Every structure is written in C-alpha cells, then in structure tokens.
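Visitor: Okay, handing you the structure first.
All of the numbers you see were taken from the coordinates with simple rules; none came from a lab. Note that the structure is a prediction, hence the values are computed from the model and not measured.
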Amino acid sequence: MSERAAPFHCPYCGDEDLRPHEEGHGAWECASCNRAFQLKFLGLLTRGLTRNDVEGGGT
C-alpha cells in the first residue's frame, strides 16, 4: 500500500495540475489556483457498512 494519497483534482477549483508541496506529508499545491492543501486519513468509521435493501422483501 502506498503511503501517499494522491488527489485527482484540486478541492477548490477542480483543476488537475497538482504537485506535492514541500510543507509535509500529504500536502499538495495547485498550480491553477495557487492554493495549498493537505490530505489526511482520519480512520475507519465504527458503524461500518449498512445495507439499504433487505433480503426477501418484495413489493
């Protein structure tokens, strides 16, 4: 598994011209809107996955 999560587009302008930022791990800069941002994995949710459909249910 990779240690760096790479974004596909800028969360501010939507452009794809992104580069790693020297500020730290997970930091990226957008050449289009001149903003820097950081990605961070917070963890897994404790509630897990839930299914909306129930087996055997019909209309």
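Visitor: Quick query: amide H of Ser32 versus all other amide H atoms, modeled in the peptide plane; which residues come in under 5 Å with a sequence gap of 5 or more or a different chain?
Guide: Asp17
Visitor: Next up: What are the ³J(HN,Hα) values, in whole Hz, obtained from phi via the Karplus relation 6.51 cos²θ - 1.76 cosθ + 1.60 with θ = phi - 60°, for each residue of region 33-42 in sequence order, with x given for Gly and Pro?
Guide: Going residue by residue, I get 9, 6, 10, 10, 8, 10, 9, 8, 7, 8 Hz, with x marking Gly and Pro.
Visitor: Would you please give the residues with an amide H less than 5 Å from that of Leu39, counting only those at least 5 places away or on a separate chain, with H modeled from the backbone geometry?
Guide: Those qualifying (amide H under 5 Å, at least 5 residues apart or on another chain) are Ala27, Trp28.
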